[in-house]
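See structure below.
Bear in mind these aren't lab numbers, they're just calculated from the coordinates by the rules spelled out. This is a predicted model, so every value here is computed, not measured. With ideal geometry, Cβ positions are generated from the backbone for all residues, glycine too; neighbour counts draw on all protein chains shown.
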Amino acid sequence: MAERLKDKLLDQDKMVDIVCGPDAYRSIPRLLSIRRLTNQGTANVMLSADETYADITPVRLDENSVSAFLSIMRGCNNMCSYCIVPFTRGVERSRDVDSIAGEVHGLREQGVKEIVLLGQNVNSYRDTSVSKLYPSLPALNDTTDVNNDGGNQLSRGFTSLHKRRAHENTRSFADLLEVVAKVDPESLRVSFTSPHPKDFPDSVLATIRDNVNISRNIHLPAQAGSDTVLQRMRRGYTFDSYLRLVENIHKFIPDATLSTDMIVGFCGETDEEFKQTLRLMELVQFDMAYMFAYR
């Protein structure tokens with residue numbers, strides 16, 4: 001809200017002294033000082049390119065719950081034409097694997113039995129820090145048959161509109177999944193949301209397959225079935241490449257269940273284009289679908 005409304009909050013609500021976006025929380029003392037010195041409202045809603053909140057331990061509102069959400073990254077680089085997330089959450093940045101593993105161990109000690117890894121584009125996770133806990137973490141990515149996005153591998157036939165710089169220390173989402181799943185393979189269940197279809201290379205699918213405590217329920221947002229609509233949406237894949245990904249998922253994980261997101265009536269969508277979405281639904285036979293009318 002702070003990023004979206006900005007100075008309007010100061011202008012329209014006389015009870016508001018400062019406006020601070022989540023990424024700018026470290027500037028709260030400075031903003032309060034400015035308010036005291038000038039007696040005028042002030043704001044800082046700048047989006048950060050590196051703030052991950054890694055040194056903040058979230059407060060658990062329900063300490064008796066056996067499930068916990070754990071944020072591993074923030075922001076999105078995909079720039080889909082219908083989405084405001086990159087403008088309100090900023091560019092992608094990921095927490096380091098050590099801080100995430102430490103939080104998982106702490107949650108497990110508190111009795112948590114299920115951890116949901118969170119991110120606006122959760123499976124594009126990429127940690128380029130130097131790990132102290134996992135200095136010899138093996139590279140799980142198969143670089144022979146998939147696209148490369150700055151050290152992260154992409155699903156076959158998918159493209160990334162935002163190109164990241166490669167880094168020799170890159171630990172991918174597959175690496176992180178392996179670390180989290182191994183904290184307690186017998187008692188801890190692991191799932192994640194919300195992913196992008198382009199970030200499901202073989203390494204991620206193999207990690208899910210090889211760790212029975214990782215959920216087999218895979219969310220695979222399609223948004224549309226028409227190649228021309230997908231192009232207008234800037235999704236970076238086609239009808240055929242999406243179907244090949246579905247086939248690959250079932251090849252690696254035969255018991256996988258699939259859910260999706262669909263947008264109906266996107267800008268300029270024709271009846272013929274909509275029929276391609278219906279065809280995709282018929283071919284994939286999703287177990288669950290979240291559907292939205294574009295307005």
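At a glance:
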quantity: Computed E for Asp50/Ala206 - FRET, C-beta separation, R0 41 angstrom, nearest 0.05; calculated: 0.85
quantity: For the chain: relative contact order, % (alpha-carbon pairs under 8 angstrom, 6 or more apart); calculated: 13 percent
quantity: Among the listed pairs Lys113/Lys198; Lys182/Lys251; Lys6/Lys113; Lys113/Lys251; Lys251/Lys275, those beyond 31 Å (Cα-Cα); calculated: Lys6/Lys113
quantity: Point-to-point label distance, Thr228-Leu118, nm (Cα→Cβ direction, 7 Å offset); calculated: 4.0 nm
quantity: Computed helical MRE - 222 nm, the chain, DSSP H runs ≥ 4 contributing -39500 (n - 2.57), nearest 500; calculated: -9000 deg cm²/dmol
quantity: Distance in nm between pseudo-label sites at Arg36 and Asp287 (7 Å out along the Cβ direction from Cα); calculated: 5.6 nm
quantity: Phi-based couplings in Hz for the range 80-96 (Karplus 6.51, -1.76, 1.60; Gly and Pro marked x); calculated: 4, 5, 9, 10, 9, 3, x, 8, 10, 10, x, 6, 5, 8, 10, 5, 6
quantity: Value of relative contact order over the range 162-253, rounded to a whole percent, pairs C-alpha under 8 Å and six or more apart; calculated: 27 percent
quantity: Residue-by-residue Karplus 3J(HN,Hα) for the range 112-117, coefficients 6.51, -1.76, 1.60, Hz, glycine and proline x; calculated: 5, 10, 9, 10, 10, 7
quantity: Listed residues Gln120, Tyr134, Phe87: farthest to the positive end of the dipole of the chain (Cβ charges); calculated: Phe87
quantity: Highest-MSF residue in the chain out of Glu272, Glu51, Glu103 [GNM, Cα springs under 10 Å]; calculated: Glu272
quantity: Cysteines having no other Cys beta carbon under 4.7 Å from their own, within the chain; calculated: Cys20, Cys76, Cys267
quantity: Top of Asp227, Asp17, Asp199 by mean-square fluctuation, Gaussian network on the chain, Cα under 10 Å; calculated: Asp17
quantity: Label-to-label distance, nm, for residues given as Arg60 and Val183 (7 Å Cα→Cβ offset); calculated: 1.0 nm
quantity: Estimated FRET transfer efficiency when R0 is 22 angstrom, pair Arg279-His250 (beta carbons, to 0.05); calculated: 0.75
quantity: Gap separating the Cα centres of the range 30-58 and the range 193-243, nearest whole Å; calculated: 36 Å
quantity: GNM result for the chain, Cα springs below 10 Å: residue of Pro58, Pro86, Pro29 fluctuating most strongly; calculated: Pro29
quantity: For Ser194, net neighbour charge (Lys/Arg +1, Asp/Glu -1) across residues whose Cβ lies under 14 Å away; calculated: 0
quantity: Per residue, the convex hull volume that the Cα atoms of the chain enclose (Å³); calculated: 158 Å³
